[in-house]
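K.L.:
Okay, here's the structure, questions in a sec.
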Amino acid sequence: MTQPSTPIGCVRPRKFLSFPSLAKTPLMLLHKITLTDFGAYQGEQFLNLKTRPGRPIILIGGLNGCGKTTLLDAIQLVLYGARARTSGRGNRSYENYLRESINRQADPKHAHIVLEFSTIVEGEERLYKVRRSWEVNGKTVREFLTVLINGELDLVISDNWADHIEDLLPLEAASLFFFDGEKIESLADPDRAAPVIESAVYALLGVNTVEQLRTDLLALQRRQKISEEDKQILKKIHDLEKQIEEARQVSADIKQKQAGLSEQILQAQDIFDKADESFASAGGSLYEQRAELEAEENQLREQLKNVSDSLASNTAAGPLPLLLLSEQITSVKQQVDKEHAAMQAAQVLDTLSQRDHQLLSSISNVIPADGLAAIERFLNEDRRERAVDAEIPRVLNFPSDALTQLASIKEVLQGEAARARELVAEAMRLRERLNLVERKLAGVPDKQTIAERIVARDNARDHVTLLVGALQRLDEERDTVLRRIDLLNADRERAYKGRAQKVAETEHAARIITYADRMRSTLEKFGEALLQRHISRLEVAVLDSFNRLMRKNGLVSDLRIDIEKFMITLVGPDDNELDPARLSAGERQLLAVSLLWGLARVAGNHLPSVIDTPLGRLDSRHREHLVQRYFPHASHQVLLLSTDEEIDEYLFSKLRPSIAHTYTLVHDDTTFTTTVEPGYWWTAGAPHVA
């Protein structure tokens, strides 16, 4: 056994290598994993992971807390050590994590994990047996790593395993093939999925190989014969690269903190939503509106009083009551009209009498007596007929100058009536609104009743605000670091250019620099084209995977990935963008699974998949689609870590034709230890689970 050459918790500096594209990654197959006193696993526990053609699935069942996630952590820990992204580590140091992962019953305090797997290297199969062990000695933890290849100990690879495993299975690749339900939940958010897509496209599909080649060309320029001035430039370049690496590490640390804070914000927001819902159900909304309701009540009462006063003083005390005498007023007007007409007829009769007298006097000497008598009789008859209209008795003797007022009284009363109706309608509207406000005020809870819910909601809101503020500060801090990285990169680029000019003292060096610059420019264009090609393939693969898993055919007609921000845009059947918020929680989970599946398909799908608690918040139909359409085809080897409620008896029957082995993790609640038993809950020979 060999000891690691670096202290516990430190990451050995890696060679400056690019992640290989999975399209060229050899086929990897897990054979066996053995855990000895690791976590809840007491003593030696092992699982045979070999698969058969057409049966790629290893189904491992266990109730919550039995050690499913621990098993996933063990695979990552044995391969990556301090760099492993285990779920149980948190913010602890690597040394403390190893110390606390030893089973509490173990004596001496020692644990180890052995993983056996095979892969094809240069056309030949290699069988690896990686054993990572550690022991507690007082306050220190000693870790050991040995690697056997085809049964023989390889000390060189054991000492340089961190670099070797990156060639076989890059850590970024493993994060997309070893995942749990929580990771699927996080990828269901398009904003949080963007960094995963970006890292996958660059690291898994070989895009960053192009960038590495460009960097290697710069290194080629730097290796030319150097002068004393060149040495100073190289020292500056070295210092800049060191600062860039340190700034990148700071950025990565901040990004990890951002991810943790984002999870805390989601949890805190959920708590606030529940507190707000409790506050609302207790009449909180009415309580908050109490002051407004009371002010509105006072205003309505004042308005109602003003309307009532207007009805009493301006209407009832005016001419409006005369409407009660409408018939009498009409009779009076008719009588006045008759008397006025009689008076006018009398005046006309008097005038005619004078005219007739003058007329007869004027013609008495010219017209014979019998003709004059006939005219006189005619005139007398005419006056008698006109005298009929003048004989109406004058009872009222209504003055002539008041006739206009009498004629307009009807219009005045109609106007007053219309005004009165408006005031009555306004009073009724105000009364109805006042009744509504009074009912709301009656439903307002008192402060003592709702005080606790107010405090709970305010505390929850303050907590969310505090976390959001902390996240914003981290965003600003990371933006500052990223700007510093950009400035350092620009300084390094200028330094490279400055040195390139110095190196061009010889024809050979100048030719190298020229060709290197041309090649770097060509590689830059090639990298852009390669990125576009991979994005296009990934869009097709993710959309096809999503449509395979969905039960709603035609929900999404297209899927696009932004080549700059790596954000996913969904397009509905109407060719309009589909807001991911319109998808159900289960549909968003299927979208996350489709993203992982699509990445694996585009990358070549040459790595085993380890999936912990995969069915989460999915409904029965979505679960059945995953079981029938995804798990058997996710990879050539699929380790499923499931509870009895996720892969139940019905889904097990659907999955059974694709299963190579089944195991159940049995937990002893008295000793808090877990053992591995063959079989699943509903298979013959499986252990009984209460």
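Every number here is computed from the coordinates shown, using simple stated rules; none is lab data. What you see is a predicted model; the values in this text were computed from it and never measured. Cβ sites come from the backbone with ideal geometry, for glycine too, and all protein chains shown count toward neighbours.
K.L.:
Would you please put 517-523, 590-596 in order of how densely packed they are, using the mean number of other Cβ atoms within 10 angstrom per residue and starting with the highest?
P.N.:
Values: 517-523: 14.4, 590-596: 25.3.
In decreasing order of mean packing, 517-523, 590-596 become 590-596, 517-523.
K.L.:
If each residue of separation counts as 0.36 nm, what is the full-extension length gain between Val366 and Ile120 once their alpha-carbon separation is subtracted? Walk me through the intermediate numbers first.
P.N.:
Details: separation 246, 0.36 × 246 = 88.56 nm, distance 15.76 nm.
My answer for the length gained is 72.8 nm.
K.L.:
What residues have an amide H closer than 5 Å to that of Arg55, excluding those fewer than 5 places away on the same chain, when H is modeled at 1.01 Å from N in the peptide plane?
P.N.:
Amide H neighbours of Arg55: none.
K.L.:
Apply the Karplus curve 6.51 cos²θ - 1.76 cosθ + 1.60, θ = phi - 60°, to the phi angles in the stretch 48-59 and return the couplings in whole Hz, x for Gly and Pro.
P.N.:
3J(HN,Hα) across the stretch 48-59, in whole Hz: 7, 10, 5, 10, 10, x, x, 10, x, 9, 10, 9.
K.L.:
Would you kindly state how much longer the chain becomes between His357 and Asn435 on full extension, computed as 0.36 nm times their sequence separation minus their alpha carbon distance, in nm to one decimal?
P.N.:
Numbers: separation 78, 0.36 × 78 = 28.08 nm, distance 8.21 nm.
Once the chain is fully extended between His357 and Asn435, it gains 19.9 nm.
K.L.:
Using the alpha-carbon centroid of each, what span in Å lies between the stretch 552-601 and the stretch 51-82?
P.N.:
Each part reduced to its Cα centre gives a spacing of 29 Å.
K.L.:
Can you tell me the length gained on complete extension of the stretch Glu292 to Thr643, counting 0.36 nm per residue apart and subtracting the Cα distance? Mind showing how you got there, number by number?
P.N.:
On the way: separation 351, 0.36 × 351 = 126.36 nm, distance 5.30 nm.
Separation in residues times 0.36 nm, less the Cα-Cα distance, equals 121.1 nm.
K.L.:
Can you work out the Karplus-derived ³J(HN,Hα) for every residue in the stretch 257-268? Use 6.51 cos²θ - 1.76 cosθ + 1.60 with θ = phi - 60°, whole Hz, and x for glycine or proline.
P.N.:
5, 4, 4, x, 5, 4, 5, 5, 5, 4, 5, 5
K.L.:
Can you work out the FRET efficiency for the pair Leu153 and Arg461, with r the C-beta to C-beta distance and R0 = 41 Å, to the nearest 0.05? Intermediate results must be reported in sequence, preceding the final value.
P.N.:
Working: r = 60 Å, r/R0 = 1.47.
According to the calculation, E is roughly 0.10.
K.L.:
Run the quick spin-label model on Asp486 and Asp574: label points 7 Å from Cα toward the beta carbon, then report their separation in nm to one decimal.
P.N.:
Spacing of the two 7 Å Cα→Cβ label points: 3.8 nm.
K.L.:
Another question about this same structure. Near the amide H of Leu153, under 5 Å away, which other amide H atoms are found, from residues 5 or more places off or on another chain, if H is placed in the peptide plane?
P.N.:
Those qualifying (amide H under 5 Å, at least 5 residues apart or on another chain) number zero.
K.L.:
If r is the Cβ-Cβ distance from Asn137 to Asp253 and R0 is 25 Å, what FRET efficiency results, to the nearest 0.05?
P.N.:
The formula returns an efficiency of 0.25 here.
K.L.:
Right, here's the next one. Could you work out the local net charge near Pro108, counting Lys and Arg as +1, Asp and Glu as -1, over the other residues with Cβ closer than 14 Å to its Cβ? Before the final figure, lay out the partial values.
P.N.:
Values: positive: Arg99, Arg104, Lys109, Arg142; negative: Asp37, Asp107, Glu135.
Combined, the nearby Lys, Arg, Asp and Glu give +1.
K.L.:
Right, another one. Between Asp163 and Asn48, what is the label-to-label distance in nm when each label sits 7 Å out along the Cα-to-Cβ direction?
P.N.:
It works out to 3.8 nm between the two label points.
K.L.:
So how far apart, in nm, are the two label points at Glu100 and Arg537 if each is 7 Å from Cα heading toward Cβ?
P.N.:
4.2
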